[in-house]
Every structure is written in C-alpha cells, then in structure tokens.
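Student: Structure provided below as structure tokens; questions to follow.
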Amino acid sequence: MDAYTGIVAANGRIGILPEDKPFEVRSIILNNVYDKESPLGVSKILVGMNFGNLEMEIDGEKITENNVSNWMQTLNMKEAAFTTSFDFKDKAQISYTIYALRNVQYTGYIDFKVQAKTDI
C-alpha cells in the first residue's frame, strides 16, 4: 500500500490533518504558534490538543480500517471541510465531516452520519 498523505482542512488559525484510519486525526496544527527557536535559529510549528481521535462500535465491534469498504475522502475548500465515508460490513454506511470553524478560530467540529443497512 502506498503511503497516505492527508489534506488539511484549515481556517487560517488551525489546520486539521486527517488520518487513513476511521475516526482518527493525525494532528491539529496551530497557525502562527511556534516553539522557541533552537540554537540554530529555527523555530518549529506547535501542534495543538488532538480532539479528533474517536472510536465507534456497532454491535460490540470496533470499526477499524480492516473491517470497512468503499473508503472515500473528499475535501471541500469552500466550506473548510474534509469528509470521510465508508461502509461497515453490510451493517451501516458511515460518513463524518471535519470542519475547521471560521467563527471560532482555534476550534474544529466533527459531524457524524450513520445510516443503518440492517437492524444494529
């Protein structure tokens, strides 16, 4: 499998970098917030508190990258939104969208949608 390269949903203050696993965020990047420069004169960008790593279970089974299919990710630059969607076995169609909020600058939001295909 090729190495995954996520695309950041950002609002100018934070960037939210998704992961290639369901419900995971690799990092929250803070714009214009830097660690004190090193002796070599190079400052580094700080990452923020990662609020995006979540877990979901259906019928007692944790959803992982190993039990999903039809994985798709899309970026909506106008809305600063990154959507991931997939099927969990034959039980549910799941999607979630990560937003870098514009009106609360250092905040993000994750919106979930679970559509059952059977009784779960």
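Student: Does segment 51-58 contain at least one residue that is under 30 Å from Lys89 (Cβ atoms) and either in contact (Cβ under 8 Å) with a residue 60 or more places away in the chain or outside any loop (DSSP other than H, G, I, E, B) (or both)?
Tutor: Within segment 51-58, one or more residues are under 30 Å from Lys89 (Cβ atoms) and either in contact (Cβ under 8 Å) with a residue 60 or more places away in the chain or outside any loop (DSSP other than H, G, I, E, B) (or both).
Student: Okay, next question. Of all residues in segment 104-120, count the ones that are without any contact (Cβ under 8 Å) to a residue 60 or more places away in the chain, open to solvent by 80 Å² or more (accessible area, probe 1.4 Å) and not aromatic (Phe, Trp, Tyr).
Tutor: Residues in segment 104-120 being without any contact (Cβ under 8 Å) to a residue 60 or more places away in the chain, open to solvent by 80 Å² or more (accessible area, probe 1.4 Å) and not aromatic (Phe, Trp, Tyr): 4 in total.
Student: Just for segment 1-37: of the residues that are in contact with a strand residue (DSSP E or B) (Cβ under 8 Å, 6 or more places away or on another chain) and among the polar types (S, T, N, Q), which one is least open to solvent (accessible area, probe 1.4 Å)?
Tutor: So, considering only residues that are in contact with a strand residue (DSSP E or B) (Cβ under 8 Å, 6 or more places away or on another chain) and among the polar types (S, T, N, Q), the one least open to solvent (accessible area, probe 1.4 Å) is Ser27.
Student: Any residue in segment 11-19 that is polar (S, T, N, Q), in a loop (DSSP other than H, G, I, E, B) and out of contact with any Asp or Glu (no Cβ under 9 Å at 6 or more places or on another chain)?
Tutor: Our first condition is that a residue be polar (S, T, N, Q); within segment 11-19, this holds for 11.
Then keep just the ones that are in a loop (DSSP other than H, G, I, E, B); that gives 11.
From what's left, out of contact with any Asp or Glu (no Cβ under 9 Å at 6 or more places or on another chain): 11.
Yes, there is a match, as at least one residue in segment 11-19 is polar (S, T, N, Q), in a loop (DSSP other than H, G, I, E, B) and out of contact with any Asp or Glu (no Cβ under 9 Å at 6 or more places or on another chain).
Student: Kindly indicate whether any position in segment 81-103 is of a type in the set (Phe, Trp, Tyr), open to solvent by 60 Å² or more (accessible area, probe 1.4 Å) and assigned to a loop (DSSP other than H, G, I, E, B).
Tutor: Looking through segment 81-103, none of the residues is of a type in the set (Phe, Trp, Tyr), open to solvent by 60 Å² or more (accessible area, probe 1.4 Å) and assigned to a loop (DSSP other than H, G, I, E, B).
Student: Can you pull out the residues in segment 39-50 that are out of contact with any Phe, Trp or Tyr (no Cβ under 6 Å at 6 or more places or on another chain), open to solvent by 40 Å² or more (accessible area, probe 1.4 Å) and either without any contact (Cβ under 8 Å) to a residue 12 or more places away in the chain or not hydrophobic (A, V, I, L, M, F, W, C) (or both)?
Tutor: Scanning segment 39-50 gives Pro39, Leu40, Gly41, Val42, Lys44, Asn50.
Student: Follow-up. When only residues in segment 38-50 that are in a loop (DSSP other than H, G, I, E, B) and in contact with a strand residue (DSSP E or B) (Cβ under 6 Å, 6 or more places away or on another chain) count, which is nearest to Pro18 (Cα to Cα)?
Tutor: In this case the residue turns out to be Asn50.
Student: Do you know which of the residues in segment 59-80 that are part of a strand (DSSP E or B) and hydroxyl-bearing (Ser, Thr, Tyr) is farthest from Ile110 (Cα to Cα)?
Tutor: Among those residues, the one meeting the criterion is Ser69.
The values are calculated or read from the model by the stated rules, or taken from the named source; none is laboratory data. All values reported here derive from a predicted model rather than from experimental measurement. Note that we place each Cβ from the backbone using ideal geometry, even for glycine, and neighbour counts take in every protein chain shown. Side chains are part of the model used for accessible areas, which takes the heavy atoms of the whole protein and leaves out ligands, DNA and RNA. Shrake-Rupley method; radii C 1.70, N 1.55, O 1.52, S 1.80 Å.
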